[in-house]
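This report concerns only the one structure given below.
Every number in this text was worked out from the coordinates using simple rules, so none of it is lab data. What you see is a predicted model; the values in this text were computed from it and never measured. Every residue, glycine as well, gets a Cβ built from its backbone with ideal geometry; the counts of neighbours run over all protein chains shown.
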Amino acid sequence: MIPAILRRAHWWAITRLDYHVGEAIRFHYFRRYVVPLVTPQTRRVVDAGSGAGKHAFYLARTFPHLQVIGLDNREEVVRRTQAQARERGLGHLHFLTADLTRPLPLRDADLIYSFDVVEHIPDDRAALAHMLRSLRPGGWLAVHTPLTPQRHWFRRFDLDRLVNPLHAREGYRRGELEGKIEEAGGRVIRRVYTHGPWGTLAWELWKWSRYRLLPTLLLLPLIRLLITVEAHREPKEGNCVLVLAQRPVEEEE
C-alpha cells in the first residue's frame with residue numbers, strides 16, 4: 001500500500017516539475033519575432049499545426065480584436081482545443097481539422113505561423129505553397145523547424161542516435177527551408193537561428209533528467225538559467241531556424 005502511494009506521489013511531483021524546454025524556447029522566439037507582426041490592422045491569424053494550442057490561446061487572450069484559427073489534422077485534438085476555447089469564453093478562437101498539404105479552409109490571412117510541423121510532412125512543398133496561397137498579398141508566413149546537421153554537447157543526443165519516428169525528415173539543411181519557401185512563391189525577409197549552444201545544453205540536461213525527481217530538482221535552476229541566457233543573446237548559429245517570409249504584394253491570382 002505505502003509503495004503505491006509513494007509511487008503516485010513521486011509521479012505527481014515529477015509531472016508538476018516538468019518544464020518542457022523545447023516548448024519554452026519555441027515560445028520565447030514566438031513572442032519575440034512572431035507576435036510583433038500582429039498590428040491593429042491584423043484581422044486573421046492562423047496556427048498551422050496548432051496541437052495543444054498554446055500559441056493560439058496566447059494570441060486570442062492578448063489580442064481580442066483578432067480572429068485566431070488553429071489547424072490540426074487530428075480530429076480528437078481539434079475537439080479538445082475547441083472545447084477549451086468555448087470554456088474560456090474565447091469566441092474569436094476556432095480550431096478546425098485540416099490537412100496542410102491540401103487547400104486550407106480559409107483565405108486572406110494576415111499571418112500564418114507553423115512551429116515544428118513541416119518536418120513531419122513528407123510533401124512539405126505542398127504545405128508551404130498552400131499556406132502562402134492562404135495569405136493576403138503582403139501577409140506574413142513564419143515557419144520554425146529543426147536543422148541538420150546539428151551540434152550537441154553530448155553524443156547521445158546526436159541525430160543518428162536520437163531519431164524521431166514521427167519526423168518525415170530530421171531537419172533541413174542550412175538554407176533549404178528558405179529555398180522551398182521562395183520556390184512556393186514567398187519572399188524570405190529574415191532568418192533567425194534558435195536552440196543555440198546554451199538552449200541546446202538546457203534541452204539536453206532536461207532530456208537526461210526528465211521524469212527523474214532528484215536530477216530534476218538539482219538541474220532545473222540551471223536549465224532555466226541557460227534558457228534565460230539563450231533568450232537574451234540571439235544565437236549566430238543554432239540547431240533550429242525560424243524563417244519569416246511574406247507573400248509578395250504585387251503577386252496576382
Among DSSP beta bridges lying fully in the chain, give the percent that are antiparallel, nearest 5. 40
When the chain is modelled as a GNM with alpha-carbon springs shorter than 10 Å, which of 222, 100, 201 fluctuates the most? 222
Determine ³J(HN,Hα), in whole Hz, for all residues of the range 21-33 in sequence, where each value follows from phi through the Karplus function 6.51 cos²θ - 1.76 cosθ + 1.60 and θ = phi - 60°; x replaces Gly and Pro. 5, x, 5, 5, 5, 4, 5, 4, 5, 4, 5, 6, 10
Taking the simple approach of a point 7 Å from Cα along Cα-to-Cβ for both residue 207 and residue 4, what is their distance in nm? 3.6
How large are Rg and Dmax for the range 9-132 when only the alpha carbon atoms are used, in Å? 15.2, 50
Checking the range 150-192 for chymotrypsin sites (Phe, Trp or Tyr not before Pro) in a loop per DSSP with at most 14 other beta-carbon atoms within 10 Å yields 153, 154
Provide 108, 47 in ascending order of the number of other Cβ atoms located within 10 Å of each residue's Cβ, fewest first. 108, 47
Starting from the Cα-Cα distance between residue 88 and residue 62, subtract it from 0.36 nm times their residue separation and give me the gain in nm to one decimal. 8.0 nm
Scoring the chain by relative contact order with C-alpha pairs under 8 Å, at least six apart, yields a percentage of 20
In Å, the C-alpha Rg and Dmax of the chain are 19.2, 71
Magnitude of the Cβ-charge dipole of the chain, K/R +1 and D/E -1, about the Cα centre, nearest 20 debye? 1020
Modelled FRET efficiency - R0 41 Å, residue 218 with residue 176, Cβ distances, 0.05 increments: 0.60
Under the 0.36 nm per residue contour assumption, what length would be gained going from the current alpha-carbon distance of residue 27 and residue 136 to full extension? 36.7 nm
Contact order relative to length of the range 143-253, as percent, for alpha carbon pairs under 8 angstrom and 6 or more apart: 41
Just from its helices, what would the mean residue ellipticity at 222 nm be for the chain, if runs of 4 or more DSSP H residues each count -39500 (n - 2.57) and the sum is divided by every residue, rounded to the nearest 500 deg cm²/dmol? -12000 deg cm²/dmol
Compute the length gained on full extension between residue 158 and residue 250: take 0.36 nm times their separation in residues and subtract their Cα-Cα distance, giving the result in nm to one decimal. 28.8 nm
Principal axes of the range 152-195: Cα extent on each, largest first, Å: 38, 21, 12
Taking the Cα-to-Cβ direction at residue 190 and at residue 126 and moving 7 Å from each Cα, how far apart do the two end points lie in nm? 3.2
Cβ-based net charge around residue 189, under 13 Å, with every Lys or Arg adding one and every Asp or Glu removing one: +2
